[in-house]
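First up is the structure itself, then whatever we jot down about it.
The values are calculated or read from the model by the stated rules, or taken from the named source; none is laboratory data. Everything quoted here is computed from the prediction, not taken from an experiment. Using ideal geometry, Cβ is built from the backbone for each residue, glycine included, and neighbour counts are taken over all protein chains shown. For accessibility, only protein heavy atoms count, side chains too; no ligands or nucleic acids. Shrake-Rupley method; radii C 1.70, N 1.55, O 1.52, S 1.80 Å.
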Amino acid sequence: THQERYDGSGYPQRLIGEQIPFGSRIFAVVDCFDALTSDRPYRRASPYADARLELEDKSGILFDPQVVGAFCSVPEGRWTEIRRQSEALVPSVRGRIWPDEEAQEIAPDD
């Protein structure tokens, strides 16, 4: 249900606002932020400030405004630390997607 949109234009059920389960509303914000701030084979990660602006811009449309407000109240330095800690726990492809200026295929772990 995290594909539901706060304004009711999502899917699969076109739920509106608080009809969307709270966990799904949280996940939608977190998932978008992670997608925006992570390197992909087809594009580089957006900076924190740009991702935050995107969340704020879509608040009330795609995302629950209260969830966006709470999420964006966490200082950038704290998010940087959270990301650093999570990457230390989970094998990462960071640094292997963009080893040069040209996109490279991701090599499997040895």
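Things to note:
- Amide H within-cut-off set for R40, under 5 Å, with H built and near neighbours excluded: A45
- Shown here for the range 1-94: trypsin sites (Lys or Arg not before Pro) in loop regions (DSSP other than H, G, I, E, B) with at most 10 other Cβ atoms within 10 Å, of which there are none.
- Of the chymotrypsin sites (Phe, Trp or Tyr not before Pro) found in the range 1-60, those that fall in a DSSP loop while having at most 12 other beta-carbon atoms within 10 Å are Y42.
- Karplus 3J(HN,Hα) series, Hz, for the range 30-39 with 6.51 cos²θ - 1.76 cosθ + 1.60 (x for Gly, Pro): 4, 4, 5, 4, 4, 4, 5, 9, 10, 5
- When nucleic acids and ligands are ignored and a 1.4 Å probe is applied, E56 ends up with an accessible area of around 80 Å².
- Dipole axis of the range 1-89 (+1 Lys, Arg; -1 Asp, Glu on Cβ), positive-most option in I82, P21, V68: I82
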